[in-house]
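Report on the following structure.
The values are calculated or read from the model by the stated rules, or taken from the named source; none is laboratory data. Treat the numbers as computed from the prediction; the structure is a model and nothing was measured. For neighbour counting, all protein chains shown are included, and Cβ atoms are generated from backbone atoms with ideal geometry for every residue, glycine included.
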Amino acid sequence: MSDELRDEAANDTGGRSEAAGPWSRIALAAAPVGILCVQAPEDRIVLANPHLCALLGTSAAELTGRPLADLRRDAGRPLSGPDEERWRRPDGRAVWVRVTPGEVRDGVRVLAVAGADAGAEARSGQTRLALAAAGLGDWSLDARTGEVTLSDRAAEILGWPAGRPVDWEAMKLRIDRDDAERARSVVQEALADGRAYAVEVRYRRGEAGPLVWVSVRGQATLGPDGAPSGMAGVVQDVTAREEARRALYEREQRLRVATSVAALGIFEWHVLDDQAIWENERMWEIFGRRPQDGTIGMTEFFSTAMHPEDRPAFRAAVAASLHGEGVLHASGRVRRADDGAWRTIEMAGRFERDTPGGLPRRLIGVVADITDRRLAEERQTLLIRELHHRVKNTLATVQAIVGSTARTASSIEDFYEAFVGRIMSLAHTHSVLTEDVWQTASLRTLLENELRPYGDGGFEPKTGGRIVLDGPAVDLASEVAVPIGMAIHELTTNAAKYGALSTPRGRVTIRWSLEPGEPRDRLRFEWRESGGPRVAAPTRRGFGSRLLQRVLTTQVQADVAIDYAPEGLRLTMSAPLPPRTPANSALAAL
């Protein structure tokens with residue numbers, strides 16, 4: 001470009017190419033490249049030759065006065081040295097050009113613009129082909145115009161027509177409302193730090209199209225002054241990946257809920273490394289471990305956790321599953337690490353192989369703590385045995401009552417009255433035992449059940465009632481509760497018919513105490529009547545007398561003494577209480 005042409009361009013403040021001299025016009029028209037003169041510092045176009053107009057598909061009149069940034073798709077890049085760029089035609093299409101900028105002289109810069117060679121377009125096509133093959137589309141944003149330029153793939157992903165700039169404000173309206181604020185914060189933080197950003201959002205493809213997940217990556221582009229002039233980056237449709245991830249998350253959540261409700265531990269153990277690479281929270285609870293303790297391998301499991309007596313059977317189950325179909329079912333006792341308690345576990349899983357017939361690589365399984373279930377089964381078995389035993393004893397007692405009552409009754413009516421009373425007493429005692437799962441019966445409860453019809457003033461001392469009950473809480477085991485309960489019934493019946501309870505002024509005082517002893521404690525029991533008719537020793541022994549003397553002596557091993565004093569009957573008993581057996585302890589825990 002001659003000095004004369006530069007001078008004329010600088011003097012053409014009106015920006016009309018017709019103002020140039022004839023030699024300038026001839027030079028411009030004959031130039032084999034596009035010539036563009038821009039006025040600094042705004043880089044506003046003041047001169048364009050026909051070759052450039054043909055390259056861009058426009059006229060000099062349409063270009064004159066426009067800023068150079070309207071042509072450049074990447075206006076933020078500084079013009080320094082020959083470079084290949086994509087310029088924008090008025091119809092929205094892009095054209096590759098090679099730009100050679102001159103120096104600024106007298107406020108004017110001359111640019112030589114030639115169509116890019118086939119190599120540049122081929123390289124651009126190859127880049128876009130590579131991006132498209134990776135499922136990526138490229139885009140750029142001009143901050144000055146607010147326009148987004150999309151590649152064909154980017155336009156397809158986002159649902160916009162290819163080849164035309166898109167208004168950024170219109171694009172923002174299609175971002176899901178719940179994701180828009182999050183995306184804006186991510187982008188602003190990245191721009192403030194001068195780094196690239198990546199964000200995933202839900203985006204409406206088209207006016208009424210589907211909601212898709214897109215991954216957007218970008219970075220700010222800088223202008224000549226170093227300030228951000230726009231952004232450029234890539235976009236990818238990640239809907240399938242996100243749906244798969246969310247489906248996997250939902251399955252994991254359902255599995256987590258199911259295993260949590262079922263209280264199952266889940267693990268994955270690698271055979272060659274002898275290391276569990278994953279365990280859920282329930283596994284830590286079952287084994288009494290903390291996450292910082294690390295996972296447990298099979299070697300450590302057998303050496304420190306498994307009960308020595310259960311190791312052979314458990315090892316045999318593991319070996320059988322390894323050499324068989326790979327299905328493992330085993331149970332045993334393990335010591336919990338935090339409190340040292342022994343717990344019974346049941347393990348089920350399957351060994352997975354890389355290839356059919358290959359070596360097992362990993363075991364995926366579940367562990368259940370079945371300690372409580374095993375205890376419940378043992379208690380149920382024990383309770384059934386105890387029930388059989390108690391039923392046999394009860395039937396034997398009923399048989400004895402029938403025989404003895406029949407031998408002492410003088411009539412059917414006497415038999416019926418005595419038999420029903422004794423059966424009711426037996427039923428009351430059994431009712432008290434049943435409330436405590438056939439374990440113990442309170443001595444005070446047995447007394448109150450029998451004497452309640454006569455206790456008009458209560459049973460406490462110094463209350464003025466006819467009956468006084470004075471003694472500590474004593475729970476009688478079932479084997480002594482039944483005979484003692486029947487003895488109380490006989491004493492009450494006798495007092496109501498012939499003794500202190502047969503008259504309004506009669507009184508009955510019952511006191512008892514516990515005397516510690518080895519190997520068993522002893523119960524001291526006293527029944528004293530007063531205020532009733534004069535008492536005389538019986539001329540014959542009925543069932544009640546035999547019960548008090550023989551049953552208490554043989555079944556309870558009690559020492560019994562009866563005094564038929566004229567002022568009132570007095571009975572004293574000293575009976576050893578049976579020790580609490582393991583069976584009783586187990587049943588009491590039910």
ask   = Can you pull out the residues in segment 41-83 that are touching a residue at least 12 places away in the same chain (Cβ under 8 Å) and in contact with a Cys (Cβ under 6 Å, 6 or more places away or on another chain)?
value = V46, L47, A60
note = If you go through A162, A170, the only one that is without any contact (Cβ under 8 Å) to a residue 12 or more places away in the chain, in the same structural domain as M231 (by TED's automatic domain parsing) and of a type outside the set (S, T, Y) is A170
key: Candidate set: segment 147-175, residues that are exposed (fewer than 14 other Cβ atoms within 10 Å of the Cβ) and either within 44 Å of the chain's Cα centre (by Cα) or among the basic types (K, R) (or both); chosen: the one farthest from V201 (Cα to Cα)   = R164
key: All positions within segment 66-101 that are at pLDDT 75 or above, of a type in the set (A, V, I, L, M, F, W, C) and over 24 Å from P32 (Cβ atoms)   = A69
ask   = Of the residues that sit in segment 191-208 and are hydrophobic (A, V, I, L, M, F, W, C) and either under 18 Å from V166 (Cβ atoms) or not assigned by TED's automatic domain parsing to the domain that holds A170 (or both), which one is surrounded by the most Cβ atoms within 10 Å (Cβ to Cβ)?
value = V201
task = Look through segment 468-482, keep the residues that are at pLDDT 90 or above and crowded, with 20+ Cβ neighbours inside 10 Å, and return whichever of them is farthest from T445 (Cα to Cα).
result = V468
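Residue-wise test of (1) in contact (Cβ under 8 Å) with a residue 24 or more places away in the chain; (2) closer than 26 Å to G288 by Cβ.
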position	(1), (2)
G324	no, no
S331	yes, yes
V334	yes, yes
F351	yes, no
L359	yes, no
I370	yes, yes
remark   = Filtering segment 327-382 down to residues that are surrounded by 14 or more Cβ atoms within 10 Å (Cβ to Cβ), assigned to a helix (DSSP H, G or I) and among the hydrophobic types (A, V, I, L, M, F, W, C) yields L375, L382
request  = Hey, could you check segment 30-40 for residues that are in contact (Cβ under 8 Å) with a residue 12 or more places away in the chain and not in a strand (DSSP E or B) and say which is surrounded by the fewest Cβ atoms within 10 Å (Cβ to Cβ)?
outcome  = P32
Per-region count, segment 332-355, residues polar (S, T, N, Q), over 18 Å from F267 (Cβ atoms) and at pLDDT 90 or above = 0
request  = Just need a number here: residues in segment 458-467 that are surrounded by 12 or more Cβ atoms within 10 Å (Cβ to Cβ) and of a type in the set (G, A, S).
outcome  = 2
key: Condition check for A406: in the same structural domain as P538 (by TED's automatic domain parsing) and either modelled with pLDDT of 70 or more or within 30 Å of G531 (Cβ to Cβ) (or both)   = no
message = Contact list please: Cβ distance under 7 Å, first residue in segment 453-469 and in a loop (DSSP other than H, G, I, E, B), second residue at pLDDT 75 or above and among the β-branched types (V, I, T), pairs at least six apart or on different chains.
response = G455/I467; F459/I467; F459/V468; P461/V468; R466/V508
Number of positions in segment 292-322 that are in contact (Cβ under 8 Å) with a residue 12 or more places away in the chain and outside any helix (DSSP H, G or I) = 5
